[in-house]
Amino acid sequence: MSFEPKIVAFLCNWCSYAGADLAGTSRMKCAPNVVGIRLMCSGGLEPAYVLKAFKEGADGVLVCGCNLGDCHYTDGNYKTLRRMSLLRKYLDQMGIEEPRARLQWVCASCADDFTEAVDKMTSELKELGPSKIKV
Amino acid sequence: MNDEAKIGVFVCHCGHNIAGVVDVPEVVKHAQKQEHVTVAKDYMYMCSEKGRSLIREDIKKLGVNRVVVAACSPRLHEETFRGALRESGLNPHLLQIANIREQCAWLHEKGPMATEKANRLVTGAIKRVNYHTPAEEKSVPIFPATLVIGGGVAGIQAALEIASSKHVVYLVEKGPSIGGHMAQFDKTFPTLDCSACILTPKASEVANSPYIRLLTYSEVVDVSGFIGSFTVKVKRKARYVDEGKCIGCGVCQEKCPWTAPSEFDAGIGLRKAIYTPFPQAIPNVPVINRENCVYFLRGKCRACERFCEPKAINFDQQDLYIDLQVGAIILATGYDVFDPTPISQYGYGQLPNVFTSLEFERLCSPSGPTAGKLKLADGREPQSLAIIHCVGSRDHNYHEYCSRLCCMTGLKYAHLFREKTGGDVYQMYIDMRCFGKAYEEFYERVQGEGVKFIKGKVAKISSNGASPEDKDKLTIICEDTLLGELVHIPVDMVILCTALEPRHDSDEIRKLLRLGRSRDGFFLERHPKLDPVATMSEGIFIAGCCQGPKDIPDTVTQASAAAARVLAVIARGSVETGAVTASIDENRCSGCKVCNALCPYGAISFDENAKVSQVNQLLCKGCNVCGAACASGAISTQDFTAKQVMAEIEGVLL
């Protein structure tokens, strides 16, 4: 059987969770490898959540928030943007490759942005193989 | 881990919606194996009364004290299931939804992968719910006043409905008068009653209502707060005319020597620099447009002031800012009309006698620039007319959506043109969409009046007549798709049925009220079918064309619905707000103050005596931006604590 990556997506309540719901409501299809976890705001994503996901065996982490400028909480997603780029440096040191942690803005009506990100990440990680992090 | 936890897992089939893709019995079996799960069962429709009673029974009989429902999105039925917990005496926050419909069954093909994903979602929810804690639901009093933004027919209707219950409404309109686009129309389809005749009484009712405070020539510039208690800052633009003194005699407009294109007449007529947009304007108080007034431009004139008997003109008036307190907001900002200039093959702005639908409305109107007479650029009465449908709508280059009302306005124009001139009318359409009550009958009536229908999209409007006798005419070049041939039709006049599009300043409004917009740019409703009136922001409702193109009956219906929703909120007197707020454990807080500056609502302050930070629960909206930054792990947000999320991560990856 081919390798099926396990991906965790963190979705903000107002835009990206709604966008992912809309993808389902519109009966779009995407790879079943991504499991979503709802947060109120992507800015409420503790960097430790991403590390925890890799520790628990995730092959990838997808972080989704509202488009820049559209945050329900004014500017939480800017904080996400900064935190994710800082976290990237740490992930590099841990040997977690670039495609395994991704940031994608998904607005509440942008269902296709969500399904495209899911499919793209899934196929990239299939290529890359399982995460080598073992804790 | 909570050793006391007795978790009940309830998996919904949702008919075939979930069970057709996910192996539900397998999910139940998987759930039964998880730690602390007392009972796991499935049912056809968990949201039904029978389904909810299953949850209630297990809470009572088996002592279930944590509930996981695997069903549709929490955005849909979380409240429903929280109700089931509440009814059984369990705190509603001891619930977690696993979204196995929208984000699983509906997204994936039937098979083991879909079932595995459902299992992951359910396991995540089970692990998470262990750490759920009861929360006290806060009851916030509702301030019984309402803000309505936009004074078109939607805003007018909503304001009147609310005022009829003797509650205060602030109706804020950007322009000098209420009435919106409807005031510009001549007749309305399909009954052909005069637009002004049915709108003016409503507008006067607004002016006379003791419960409506009308703020025209005003804009909302800031909104803060939440359902029940919004604080709204309104800018009252300087009119340079004292509303208290003006008696609406109109002398100033007669005497003003300066003119400018009239916005109300869609730019084809003129108005003065001091003007009311139309004779029945409400309020009947003119405004001076600084950009047109020669006194403001060159420092000389003041003719209006000289002739104003009640001394109402005040050139020193300043913009005024006022604060309003309201409990709910209705947004009814309407639409803009698509500018067809970029479609150069239709020659709008280049060829005389090519009009947009709004311009034609003004030509037809007895109060319009031609007093209702149809005239060509050279003053002749037109003898033939082409009506081109879907200009800017159903067009991938401009707007993909259908503007919904242009088919009917096109039919109305055909009828009015035949009535006024007896000339020939051609309709060039893609599809005729006459879906409303008595619309199809109106279509048949116009067909019976001898109007010619050509199914095809117009390729070009040419100024060269096809033959010498048509040299002054416009030629419509179009494929008649039913005949399968190219036709050249000479006409005197052309109407472009232009699309309705989102207001150009929609994005500013969106940011002001923290709303979403759909792909087409109109404001996003909470649910496209079941909740087209509410928005994602509690206490803010939308009505009319700002949500999407719609005709007058639909606009009025939605406006009344929005008013009913507001009155339901007011009647309740108080509202239970989500208890999702952050709190700081003072034993863990190191007093570093990082969170203080991060909070977008200024809800966190530093207690200088205790040397710890504190969250103001009334200001906090629960985004957890502070929690994510707290190096001491002292901050946790109710229902989204680190423990809960960490447990969910473990669960979905088991």
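Each value in this text was obtained by applying a stated rule to the coordinates, not by laboratory testing. All values reported here derive from a predicted model rather than from experimental measurement. Because the Cβ atoms are built from the backbone with ideal geometry, glycine has one as well, and the counts that use them run over all protein chains shown.
Here are the numbers for the structure shown:
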| item | result |
| --- | --- |
| Rounded if a/c under 1.5, otherwise prolate or oblate - the stretch A:1-75, Cα gyration tensor axes | oblate |
| For the stretch B:337-501: rounded, prolate or oblate by the Cα gyration tensor [a/c cutoff 1.5] | rounded |
| Computed magnitude of the charge dipole of the stretch B:41-123 (debye, nearest 20; Cβ of K, R +1, Cβ of D, E -1) | 160 debye |
| Calculated over the stretch B:495-654: convex hull of Cα atoms, volume per residue (Å³) | 176 Å³ |
| P(r) histogram, all alpha-carbon pairs of the stretch A:18-135 included - 5 Å bins from 0, percent | 2, 11, 22, 22, 21, 14, 6, 1, 0 |
| Partner aspartates and glutamates for B:Lys235 [C-alpha distance under 20 Å; skip if fewer than 8 residues away on the same chain] | B:Glu173, B:Glu219, B:Asp222, B:Glu243, B:Glu291, B:Asp316, B:Asp319, B:Asp323, B:Asp505, B:Asp507, B:Glu508 |
| Cα centroid of the stretch B:489-507 to Cα centroid of the stretch A:79-135, whole Å | 44 Å |
| Convex hull (Cα only) mean projected area of the protein assembly as shown, reported in nm² to one decimal | 40.5 nm² |
| Gyration tensor (alpha-carbon) shape descriptor, chain B, a/c threshold 1.5 | oblate |
| Residues of type lysines that A:Lys120 reaches as a straight line, Cα spacing below 26 Å, ignoring anything fewer than 8 places off in the same chain | A:Lys6, A:Lys29, A:Lys52, A:Lys55, A:Lys79, A:Lys89, A:Lys132, A:Lys134, B:Lys110, B:Lys117 |
| Sparsely packed chymotrypsin sites (Phe, Trp or Tyr not before Pro) within the stretch B:370-461, loop by DSSP, other Cβ within 10 Å at most 12 | B:Phe435 |
| The stretch B:224-274: translational diffusion in µm²/s, Stokes-Einstein, Kirkwood Rh over Cα pairs, 37 °C, 0.692 mPa s | 230 µm²/s |
| Length-normalised contact order of chain B in % [C-alpha pairs under 8 Å, at least 6 apart] | 13 percent |
| Whole-Å distance, taken between Cα centres, linking the stretch B:602-623 and the stretch A:1-40 | 34 Å |
| 3J(HN,Hα) from dihedral phi, the stretch B:607-612, Karplus parametrisation 6.51/-1.76/1.60, rounded to Hz, x for glycine, proline | 8, 5, 6, 7, 6, 9 |
| Relative contact order computed over the stretch B:251-317 (Cα-Cα under 8 Å; 6+ residues apart), in percent | 31 percent |
| Kirkwood hydrodynamic radius (C-alpha pairs) into Stokes-Einstein, the stretch B:462-590, 4 °C and 1.567 mPa s, D in µm²/s | 66 µm²/s |
| Extension gain from B:Phe315 to B:Met113, taking 0.36 nm per residue of separation minus the Cα-Cα distance | 65.4 nm |
| D (Stokes-Einstein, µm²/s), Kirkwood Cα radius, the stretch B:251-317, 1.002 mPa s at 20 °C | 175 µm²/s |
| Cα-centred dipole magnitude for chain B, charges only on beta-carbon of K, R (+1) and D, E (-1), debye, nearest 20 | 920 debye |
| Loop-resident sites, the stretch B:323-422, for trypsin sites (Lys or Arg not before Pro), counting at most 16 other Cβ within 10 Å (DSSP) | B:Lys373, B:Lys375, B:Arg380 |
| Which of B:Cys301, B:Leu358, B:Val287, positive extreme of dipole for the stretch B:280-364 (C-beta unit charges) | B:Cys301 |
| Under Karplus coefficients 6.51, -1.76 and 1.60, residue-wise ³J(HN,Hα) of the stretch B:45-53 in Hz, glycine/proline x | 9, 5, 6, 6, 4, 5, x, 5, 5 |
| Lys/Arg +1, Asp/Glu -1 at C-beta; chain B dipole; positive extreme among B:Gly89, B:Met408, B:Val569 | B:Gly89 |
| Spacing of the two label points (7 Å from each Cα toward its C-beta) at B:Cys249 and B:Ala597, in nm | 6.2 nm |
| Candidates per trypsin sites (Lys or Arg not before Pro) in the stretch B:113-179, loop by DSSP, up to 13 other Cβ within 10 Å | B:Lys166 |
| Lys/Arg +1, Asp/Glu -1 at C-beta; the stretch B:337-501 dipole; positive extreme among B:His396, B:Tyr348, B:Gly368 | B:Gly368 |
| Cα centroid separation, the stretch B:297-359 to the stretch B:634-652 (Å) | 52 Å |
| Under 9 Å, Cβ to Cβ, from B:Asp319 - net charge with Lys/Arg +1 and Asp/Glu -1 | +3 |
| Within straight-line cross-link reach of B:Lys60, lysines at Cα separation under 29 Å, skipping those fewer than 8 residues along the same chain | B:Lys6, B:Lys29, B:Lys33, B:Lys41, B:Lys50, B:Lys127, B:Lys138, B:Lys643 |
| Förster-model FRET efficiency, 60 Å R0, B:Asp378 and B:Ala610, C-beta, rounded to 0.05 | 0.10 |
| Dipole magnitude (debye, nearest 20) for the protein assembly as shown, charges at Cβ of Lys, Arg, Asp, Glu | 1280 debye |
| Using a Förster distance of 41 Å, the FRET efficiency for B:Ala135-A:Ser123 (Cβ separation, nearest 0.05) | 0.50 |
| B:Leu618 paired with B:Asp505, simple spin-label distance in nm, labels 7 Å along Cα-to-beta-carbon | 3.1 nm |
| Relative compactness, the stretch B:582-637, computed as alpha-carbon Rg over 2.2 N^0.38 Å | 0.95 |
| Mean Cα-pair separation over length for the stretch B:7-129, i.e. relative contact order, pairs under 8 Å, 6 or more apart, % | 33 percent |
